[in-house]
Amino acid sequence: AVQQFWETLVEKEAIYLGAYEGWYSVRDECYYTESELVDGKAPTGAEVEWVAKEPSYFFKLSEYEDKLLEYYEKNPEFIAPESRRNEVLGFVKQGLRDLSISRTTFKWGVPVPGDDDHVMYVWIDALANYISALGYPNMEKGSEFDKFWPGSLHVVGKDILRFHAIYWPAFLMAADLPVPRRLFAHGWWTKDGEKISKSLGNVIDPVELVEKYGVDQTRFFLMSEVTFGSDGDFSNEKMIFKVNANLANELGNLVHRTLTLVFKNCGKAVPSEIGAYTEEDEKLLATAKALREKASAAISKQSINKYVEAVVSMVWDCNKYIDEAAPWALKKTDPDRMATVLYVLMEALRHVAIIYQPLIPGSANKILDMLTVPEDERTFDHLETSPVQLGTPVSKPKVVFPRLEIPVVEEEVVPAK
């Protein structure tokens, strides 16, 4: 597949044979100019080595400078977030040099068609995997390529943005193939303010995080702590604080309070009858119904933290509502009003749990179980059509989010001499 892609670029006169010498980073798999080096290293901090002059095939990247800038201009949503888009625009406007795409000093790699002395090297073979995985060069109607290319969203690390925002679109343009619709570059995690690296011994093992804190708790923190696309700093204290605040205290306690009142005061079942809704009831339910649109709008822009913030805000509204309505005080004075308040809360929590399923699936489904929502009525489409059924038996509620405790580090006692 990659050889066919190469031959297509040759047919389009986008490749020529020349010679290359310059700085190269093995770690980054990238060539750098002298002006890009910082204290003798790549801008990423990686070591570089000098590649002596050798024959090399080149891709005519310089011919695509204006075409790329025009594409970025016509498709302002192509690169995100905005800071990364500006970074790419700045790089391209400085001028693009033709790109070395083959080597002769070793033999491992994909052979260049028609020239056994060369193997493909640096990104042209790697990037072509995106289309070879879909069966390229088979592009017939109904093929995997036809169904799934171009991709709607391509998520990459910020360190490889250049290759995906400049080289790959240029390769595709040269081959007359469509460019992915959107490219999003995510940031990096640091730990306690320091870069994560093996040499510093501060690598975070996600498996250990899951074992210590839980899979949903880990997912929640990593996806909500920082604006997706920016760098984020990890610490156990931050994770414990956020999980306890947003999940254990705000959502977990709300679920437990609501369903405990239902279990004890409504005959161990969803209220069988409810009264007319008040203005406060209608307001909370309207906010719940608007949650899907808010979450969808945030996710469509990869603003995962905004998606979480929308749900967290909804949970705050629910807590404010239950505190003001005080259903525990209505058992004797106004049981019909108590039943209505508890039902409104169950409906609001149903929306919260369904919207939270992509992020914390295990916990969200535990909540939906306790709300008596059938397993086949938990999709976004069921938000408007499948309310909590009156009179459905409920079980005694269980704790969904156990509070996390900050480990106590005992100081070593040094014996007196």
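A few notes on this one:
- Some residue of region 249-263 being among the hydrophobic types (A, V, I, L, M, F, W, C) and closer than 30 Å to residue 193 by Cβ: yes
For (1) under 17 Å from residue 352 (Cα atoms); (2) part of a loop (DSSP other than H, G, I, E, B); (3) of a type outside the set (S, T, N, Q), each residue gets a yes or a no:
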| site | (1), (2), (3) |
| --- | --- |
| 369 | yes, no, yes |
| 373 | yes, yes, yes |
| 384 | yes, yes, yes |
| 387 | yes, yes, yes |
| 391 | no, yes, yes |
| 403 | no, yes, yes |
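- Within region 105-117, tally of residues that are touching a residue at least 24 places away in the same chain (Cβ under 8 Å), surrounded by fewer than 20 Cβ atoms within 10 Å (Cβ to Cβ) and within 22 Å of residue 172 (Cβ to Cβ): 2
- Taken together, the criteria place residue 306 among residues that are outside any loop (DSSP other than H, G, I, E, B), charged (D, E, K, R) and in contact with a helix residue (DSSP H, G or I) (Cβ under 7 Å, 6 or more places away or on another chain).
- Test: residue in region 256-273 that is more than 21 Å from residue 337 (Cβ to Cβ), of a type outside the set (Ser, Thr, Tyr), surrounded by 13 or more Cβ atoms within 10 Å (Cβ to Cβ) and assigned by the TED database to the domain that holds residue 374: yes
- Residue match in region 135-157 (condition: under 28 Å from the mean Cα position of the chain (by Cα), crowded, with 18+ Cβ neighbours inside 10 Å and among the acidic types (Asp, Glu)): no
- Residue match in region 342-358 (condition: surrounded by fewer than 23 Cβ atoms within 10 Å (Cβ to Cβ), in the same structural domain as residue 312 (by the TED database), more than 25 Å from residue 290 (Cα to Cα) and not aliphatic (A, V, I, L, M)): no
- Within region 161-196, tally of residues that are in contact (Cβ under 8 Å) with a residue 12 or more places away in the chain and out of contact with any strand residue (DSSP E or B) (no Cβ under 8 Å at 6 or more places or on another chain): 10
- Hey, residue 253 out of contact with any Leu (no Cβ under 9 Å at 6 or more places or on another chain) and crowded, with 20+ Cβ neighbours inside 10 Å or not: no
- Leading residue by the ranking (farthest from residue 271 (Cα to Cα)) among those in region 286-334 that are of a type in the set (Phe, Trp, Tyr) and crowded, with 18+ Cβ neighbours inside 10 Å: 307
- Verdict on residue 357 being farther than 29 Å from residue 242 by Cβ and modelled with pLDDT of 95 or more: no
- Only one of the numbered conditions (1) of a type in the set (Ser, Thr, Tyr); (2) without any contact (Cβ under 8 Å) to a residue 12 or more places away in the chain; (3) under 23 Å from residue 229 (Cβ atoms) is violated by residue 333, and that is (3).
- Of all residues in region 226-238, at least one satisfies being within 30 Å of residue 398 (Cβ to Cβ) and surrounded by 15 or more Cβ atoms within 10 Å (Cβ to Cβ).
- Residue within region 15-24 that is out of contact with any strand residue (DSSP E or B) (no Cβ under 7 Å at 6 or more places or on another chain) and surrounded by fewer than 17 Cβ atoms within 10 Å (Cβ to Cβ) present: no
- Looking only at residues of region 118-132 that are of a type outside the set (Ser, Thr, Tyr) and in a loop (DSSP other than H, G, I, E, B), we find that the one that is modelled with the highest pLDDT is 128.
- Subset of region 20-52 (residues that are in contact (Cβ under 8 Å) with a residue 24 or more places away in the chain, within 29 Å of residue 175 (Cβ to Cβ) and not hydroxyl-bearing (Ser, Thr, Tyr)): 21, 22, 23, 28, 29, 30, 51
The values are calculated or read from the model by the stated rules, or taken from the named source; none is laboratory data. The shown structure was predicted, so the numbers you read here are calculated from the model rather than taken from an experiment. Neighbour counts run over all protein chains shown; Cβ positions are idealised from the backbone, glycine included.
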